[in-house]
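Enquirer: The structure that follows is given in the form of structure tokens.
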Amino acid sequence: MKRYTKDVDESARRITRRTLVVGAVQLGIVGALGVRMQKLQIEQADQFRLLAEENRINIRLIPPARGLIFDLNGRPIAANEQNYRIVMVREDAGDVGEILERLTKLVPLDPQDLARAMEEMRRRSPFVPVTIADRLTWEDVARVNVNAPALPGITAEVGLSRVYPWGADLGHVVGYVGPVSDYDLSRIDDQDPLLQIPKFQIGKTGAENKLERRLRGSAGTKRIEVNAVGRVMRELDRKEGNSGADVQLTIDARLQSYVQARLDSESAGAVVLDLENGDLRAVASAPSFDPNMFVRGISVANWRDLNENKFRPLAAKAVQGTYPPGSTFKMVTALAALEDGKVTPEETIRCKGWVDVYGTRFHCWKRAGHGNVNLHESLKQSCDSYYYEISQRVGIDKIAAMARKLGLGTRHDLPLSAVAEGLAPDKAWKKRVRDQDWRIGDTVNASIGQGYVLSSPLQLAVMAGRLATGRDITPRLVRAIDGVEEPSGRGEDIGLNENYLRRVRAAMDDVSNNARGTAYRSRINASDMKMAGKTGTSQVRRITAEERRTGVTRNADLPWERRDHALFVSFAPVENPRFAVAVIVEHGGGGSTVAAPIARDIMLQALYDGEPPLDAYPTSDRGRIAEQQRKIRERVPPGSKGQDRA
Amino acid sequence: MSYLEYNTKYIPTGFRKLMYINWPIIVLLTAVAGYGFIMLYSVAGGSADPWMSAQVKRFGVGMVMLVGVAMVPIWFWRNVSAVAFGVSVLLLVAVEFFGAVGMGAQRWIDLGFMRLQPSELTKITLVMVLAAYYDWLPSDKTSRPLWVIFPVLIILFPTFLVLRQPDLGTALLLLMGGATIMFLAGVHWAYFATVIAAGVAGLVAIFEGRGTSWQLLKDYQYRRIDTFLDPSNDPLGAGYHITQAKIALGSGGWTGRGFMQGTQSRLNFLPEKHTDFIFTTLAEEFGFVGAFTLLILYVLIITFCVASALGNKDRFASLLTLGVAMTFFLFFAVNMAMVTGLAPVVGVPLPLVSYGGSAMLVLLIAFGLVQSAHVHRPR
């Protein structure tokens, strides 16, 4: 069959026509593609370039080194220690189980940690390093490094961890650091991006907590390139942050250590105040706890021990505990009355053993009474009746004002956890808080530091200091931050009649240096270092009529938690006071027998800046003291590192 | 049959045929393939392995096959068209039963020495058989319903088989390629108007049927459509590929980020960066200039094919050349539309550039047919 040329030509023409149509459509599509490319690549190029950069670049924070904390003499109190940990990268390890088995033979691995690490490895991408073991010794790390060829995927890394060389001795003062928690984040208003780093360590209590902003420093950054699954390809650049400021405290770590040792197993608090500048040389609370335990992660058993101990080791009794000050409050009452002109130093008041106030009988501690006593004798022998009388004359509001003037009932601004305000009660306070009228009995109780009056050892030390110097000394804990000294707490004249102050000091001198003083047995023998003080024994319960009849008034016969608190406030040397010391022994019994000897020993340590010579002690005590000093010398406080405390 | 009227004594013989090959097309094909080698080198992170060296070898084999096919007279290819089509359809049926599953779809048969994708083969044989059909059919019968239904069945049967694999991209290519040849051959406008109307109705049916017992597409295909319509809806899930592809393209700017400097591809943000999405890497590293250059190269190839076809008086040769050009056009147009976010992700490689053996060999054989038509054209 032959095709006609006409047919062929016609067919070719038709194909050409149709091709032109198809070609036009194709051209249109190509045009659309071109326009699309132009739009994406030229018009929106900047926007997409940005997105590409966001894709590939991650900004990571470099945590700064935390600032160090030193004591007055430059001894480290909180330091950063290099710690070694072992991390594993799953994809490099190959057979994870096999490698871990080999590793277990080299270093001690906690099965619990191991299980947690395995779980984490399963959950995360294979290239993410997972910590297998933390806080290893250099020897362990060396063993791992030597065997590196047999341990693919295992590497040792160095990090910094917080360490407290003095252990429990400074536990309450420095506090401790711990990983930032959701609770922390919800509680503190802090935009610092460092807090978003998992397990970033922040101060939890004590100075670590209160000085957090200065100690933390600022974050550095590094920009890293990551691929689609988050693997780090390389570091693009890095900007180092600023490490935290170093802090020097006013604490003398050696003295602090001595105080803790001297308080020993008592439930007690003691404060040593430098009267030159308000420096707190020791702020001790016993029993204490080892902050290193918290940094490592405290075990359940240890935590339970701390919480269930009836002596409350976690409470910083020196600043946080408030107690009725008992007879140590008598200086306040006396000065209030003297300044108000309601009594003169020479006026004598008869003590017959009790005072009746509107039908209620208030007893003096000495049932037989002190006879006629003036200001001097009333303090020296701690006669209660005298104060029952003068307090009624002057009234509670003036007493409370005097208490605040001397540093009681006000919160001292210190970078420590839960610094207590205490309580110097007055009429307005009772109306506001209790919605009751003040009664004269309340005044009588308050006059000898009982009833509503509450104060902390810190406040009592400040009171003793202000009495001794006549200046409104304010305590300070931080001596310098980053080499810049903090303002001194020396204070200005407090505005009290110097004659009255001298009278009070003279009486306090006799308290411990006159044979009839309540603290004579705890005197200092060195003539140029004599100590003035005041004992206090504060009741934590009412002595019932029943007990009075049956004669159960001896402390030793009572259960511990119902015994009296023993207190002593002091300053020394009498002529030129340099230190004030306040001691409270919870439920310790009598101030003169329990608290005064402790205060005396502490005072001597402070005055001699170290172990005092035995002849500073009364002759009869020297044998006992020598033994006590030997024991303390040999003591190693829990959690401390001997070699770092030099 | 129509060759009887050609003056065959002007047809070159022996090695003289080489001189009559359409060399510009060969040069353009090599240029495009070379572009592809560079990109495969780049996406491998600056290494010839694993992709570039294999691709170069295949291209070499493909070029030899191209010349081989070109040497064989075009009338031979016309005469074996029906047989070739039959074989490829049989292979398509065979993958239904013996095919291996790759990338979630049954697409290839392992012959031992190579993996054969019958769907790729079908792309040429369908063009061949349609061209032969319209060459055989007297042109006055072209638009008669009976003579229209027959090629429609020829197109739909393999399309149906490919769709079942499931390979939506190739199915669309077969359908559109076949339809275009029918259009070029002169089938009446009205048929196409009807089909387009029916197609719109079909699309409506596809969407209406979603979620019901008679839904027409697989869930993943629906998801691809959803993602296409609004990729920002699901930037980390199904829309991830399109979003990342657009970021790569866009961040290229005018001149690109430089050879091997494309962060999107180098850091693995791009999906299938050596196959279907290779254009995004190219656009990222060489920018608008590089991407547009490739587009121009493709358009030039089509232009030379069309010019050759229109200058060829033989109806089979002409239709075959146009059909190959159309298939080639559909390849790159669909791929580019897909990666630039103009069309759904349907899995069509970028011709001669994407890594892949069957596609490249089949394309080069197709261009061999074009060359054969060119060399053996009636003069």
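Every read-out reported here was derived from the displayed coordinates using simple, explicitly stated rules and does not represent laboratory data. Keep in mind that this is a model prediction, so the values were computed, not measured. Heads up, the Cβs are rebuilt from the backbone with ideal geometry, glycines too, and the neighbour counts pull from every protein chain shown.
Enquirer: Under the 0.36 nm per residue contour assumption, what length would be gained going from the current alpha-carbon distance of residue A:16 and residue A:116 to full extension? The partial results should precede the final answer.
Expert: On the way: separation 100, 0.36 × 100 = 36.00 nm, distance 7.50 nm.
Once the chain is fully extended between residue A:16 and residue A:116, it gains 28.5 nm.
Enquirer: Which order results if B:214, B:23 are arranged by neighbouring Cβ count within 10 Å, fewest first? Write out the running numbers ahead of the final one.
Expert: Working: B:214 8, B:23 12.
Taking fewest neighbouring Cβ atoms as first place, the list is B:214, B:23.
Enquirer: Measuring from label point to label point, each 7 Å out along Cα→Cβ, what is the residue B:196 to residue A:264 span in nm?
Expert: Using points 7 Å along Cα→Cβ, the separation is 10.6 nm.
Enquirer: Still on this structure: Within region A:196-286, which GluC sites (Glu not before Pro) sit in a loop by DSSP and count at most 15 neighbouring Cβ atoms inside 10 Å?
Expert: Details: sites: A:208, A:212, A:225, A:235, A:240, A:266, A:276; in loops: A:240, A:266, A:276.
Taking region A:196-286 and a limit of 15 other Cβ atoms within 10 Å, the loop GluC sites (Glu not before Pro) found are A:240, A:276.
Enquirer: Then there's this: Below 8 Å between Cα atoms, with a sequence gap of 6+, how large is the relative contact order for region B:2-375 in percent? Present the calculation step by step, with values, prior to reporting the outcome.
Expert: Numbers: 509 pairs, mean separation 100.8, N = 374.
Normalised by residue count, the contact order of region B:2-375 is 27 percent.
Enquirer: Once phi is turned into ³J(HN,Hα) by the Karplus curve 6.51 cos²θ - 1.76 cosθ + 1.60 with θ = phi - 60°, what whole-Hz value does each residue of region A:147-152 show in order, with x for glycine and proline?
Expert: These are the phi-based 3J(HN,Hα) values: 8, 3, x, 8, 10, x Hz.
Enquirer: Grab the beta carbon distance between residue B:15 and residue B:189, set R0 = 51 Å, and tell me the FRET efficiency rounded to 0.05.
Expert: Working: r = 46 Å, r/R0 = 0.90.
Step by step, r from the Cβ atoms, then E = 0.65.
Enquirer: Does a label point 7 Å from the Cα of residue A:615, set along Cα-to-beta-carbon, have any residues of region A:511-528 with amide nitrogen under 17 Å, and which are they?
Expert: A:524-528
Enquirer: At what distance in angstrom do the alpha carbon centres of region A:14-91 and region A:171-214 lie from each other?
Expert: 33 Å
Enquirer: Which value in nm describes the separation of the simple spin-label points at residue B:268 and residue A:148, placed 7 Å from the Cα toward the beta carbon?
Expert: A separation of 2.5 nm, rounded to one decimal place.
Enquirer: Next up: GNM on chain B, C-alpha springs below 10 Å: top fluctuator among B:131, B:307, B:190?
Expert: Judging by the Gaussian network model, the answer is B:190.
Enquirer: Please compute the average number of Cβ atoms from other chains found within 10 Å of each residue's Cβ in peptide A:23-33. All intermediate terms of the calculation are to be shown ahead of the outcome.
Expert: Details: counts 7, 0, 3, 10, 2, 0, 7, 9, 0, 5, 11.
Neighbouring Cβ atoms belonging to other protein chains average 5 per residue here.
Enquirer: A follow-up question, please. Under a 5 Å amide H to amide H cut-off, with H placed in plane at 1.01 Å, what residues pair with residue A:83 once short-range neighbours are removed?
Expert: A:159, A:160, A:161
Enquirer: Assign one of three labels to region A:377-479, namely rounded, prolate or oblate, based on the Cα gyration tensor with a ≥ b ≥ c the square roots of its eigenvalues; rounded applies when a/c is under 1.5, prolate when it is not and a/b is larger than b/c, and oblate otherwise. Don't skip to the answer; put the middle values down first.
Expert: Details: a/c = 2.41, a/b = 1.34, b/c = 1.80.
It comes out oblate by the Cα gyration axes.
Enquirer: Subtract the Cα-Cα distance of residue A:54 and residue A:101 from 0.36 nm times their separation in residues, and report this length gain in nm to one decimal.
Expert: Numbers: separation 47, 0.36 × 47 = 16.92 nm, distance 4.11 nm.
Between residue A:54 and residue A:101, full extension yields 12.8 nm more.
Enquirer: Evaluate E = 1/(1 + (r/R0)^6) for residue A:309 and residue A:530, where r is the Cβ-Cβ distance and R0 equals 30 Å; express this FRET efficiency to the nearest 0.05.
Expert: Details: r = 38 Å, r/R0 = 1.27.
Here the calculated transfer efficiency is 0.20.
Enquirer: Could you give the radius of gyration (one decimal) and Dmax (whole number) of the Cα atoms in region A:253-357, in Å?
Expert: Over region A:253-357's Cα set, Rg and Dmax evaluate to 20.6, 63 Å.
Enquirer: Using the 10 angstrom Cβ neighbour count as an exposure proxy, how do B:321, B:170 rank, fewest first?
Expert: Working: B:321 33, B:170 25.
Ascending number of Cβ neighbours within 10 Å: B:170, B:321.
Enquirer: Only Cα pairs within less than 10 Å get springs; with that Gaussian network setup on chain B, which residue of B:315, B:78, B:223 has the largest fluctuation?
Expert: Among B:315, B:78, B:223, the largest GNM mean-square fluctuation belongs to B:223.
Enquirer: Also: For residue B:273, go through the lysines and keep the ones whose alpha-carbon is under 28 Å away, minus same-chain ones fewer than eight residues off.
Expert: Excluding near neighbours in sequence, the set is A:39, B:57, B:123, B:218, B:246.
Enquirer: Compute the Rg/Rh shape ratio of chain A: radius of gyration over Kirkwood radius, all on alpha-carbon atoms. Mind showing how you got there, number by number?
Expert: Values: Rg = 36.7 Å, Rh = 29.4 Å.
Rg/Rh: 1.25.
Enquirer: What three numbers, in Å, describe the spread of the alpha carbons of chain B along their principal axes, ordered from the longest?
Expert: Over chain B, Cα extents along the principal axes are 63, 51, 41 Å.
Enquirer: Give the cross-link partners of residue A:431 among the lysines, using a straight C-alpha distance below 26 Å as the criterion and excluding same-chain residues fewer than 8 apart.
Expert: A:330, A:342, A:398, A:405
Enquirer: Assuming R0 = 30 Å, what is the FRET efficiency of residue A:183 and residue A:560, from their Cβ-Cβ distance, to the nearest 0.05?
Expert: Numbers: r = 34 Å, r/R0 = 1.15.
Result of the calculation: an efficiency of 0.30.
Enquirer: Step through the residues of region A:488-494 one at a time and calculate ³J(HN,Hα) from phi using the Karplus curve (6.51 cos²θ - 1.76 cosθ + 1.60, θ = phi - 60°), rounding each to whole Hz and writing x for Gly and Pro.
Expert: Per residue, the Karplus-derived 3J(HN,Hα) values read 5, x, 4, x, 9, 3, 7 Hz.
Enquirer: Using the basic label-point model (7 angstrom from Cα toward the beta carbon), what is the residue A:214 to residue B:98 distance in nanometres?
Expert: Label at residue A:214, label at residue B:98, 8.5 nm between them.
Enquirer: Kindly give the semi-axes, whole Å and largest first, of the ellipsoid equivalent to region A:60-249, taking each as the square root of 5 times a Cα gyration tensor eigenvalue. Present the calculation step by step, with values, prior to reporting the outcome.
Expert: Numbers: eigenvalues 207, 95, 48 Å².
So the three semi-axes of region A:60-249 are 32, 22, 15 Å.
Enquirer: Where in chain A are the helices, taken as whole DSSP H runs, whose Cα atoms extend 24 angstrom or more along the long axis and whose Kyte-Doolittle mean reaches at least -1.0?
Expert: Numbers: long enough: A:5-38 (48 Å, 0.13).
Those that clear 24 Å and a mean of -1.0 are A:5-38.
Enquirer: Can you list which of the trypsin sites (Lys or Arg not before Pro) found in region A:391-437 are DSSP loop residues with at most 16 other C-beta atoms within 10 Å? Let's see the in-between values first.
Expert: Numbers: sites: A:393, A:398, A:404, A:405, A:411, A:427, A:430, A:431, A:432, A:434; in loops: A:411.
Hits after loop and neighbour filter: A:411.
Enquirer: Another one. For a quick check: sort A:91, A:586 by the number of other beta carbons within 10 angstrom, fewest at the front. All intermediate terms of the calculation are to be shown ahead of the outcome.
Expert: Working: A:91 12, A:586 22.
Least to most surrounded, the residues fall as A:91, A:586.
Enquirer: Now, a different point. Using the Kirkwood radius over C-alpha pairs as Rh, can you work out the diffusion coefficient of region B:221-379 via Stokes-Einstein at 37 °C, viscosity 0.692 mPa s, in µm² per second?
Expert: Answer from the Stokes-Einstein relation: 195 µm²/s.
Enquirer: Rounded to whole Hz and in sequence order, give me ³J(HN,Hα) for region A:242-252 from the Karplus expression 6.51 cos²θ - 1.76 cosθ + 1.60, θ = phi - 60°, writing x for Gly and Pro.
Expert: 9, 6, x, 6, 7, 10, 10, 8, 7, 5, 9
Enquirer: Once fully extended, how much extra length lies between residue A:626 and residue A:123, figured as 0.36 nm per residue of separation less the alpha-carbon to alpha-carbon distance? If you can, show how the numbers build up before the last one.
Expert: Numbers: separation 503, 0.36 × 503 = 181.08 nm, distance 6.23 nm.
Answer, rounded to one decimal: 174.9 nm.
Enquirer: Also, I was wondering about something else. So what's the back-of-envelope 222 nm ellipticity for chain A, counting only DSSP H runs of four-plus at -39500 (n - 2.57) apiece and dividing by all residues, rounded to 500? Provide the component values of the computation, followed by the final result.
Expert: Working: 24 runs with 239 residues, N = 646.
-11000 deg cm²/dmol, from helical runs alone.
Enquirer: I would also like to ask the following. Can you list residues whose amide H is under 5 Å from residue A:423's amide H, if they're 5+ apart or on another chain and H is modeled 1.01 Å from N?
Expert: A:409, A:454, A:455
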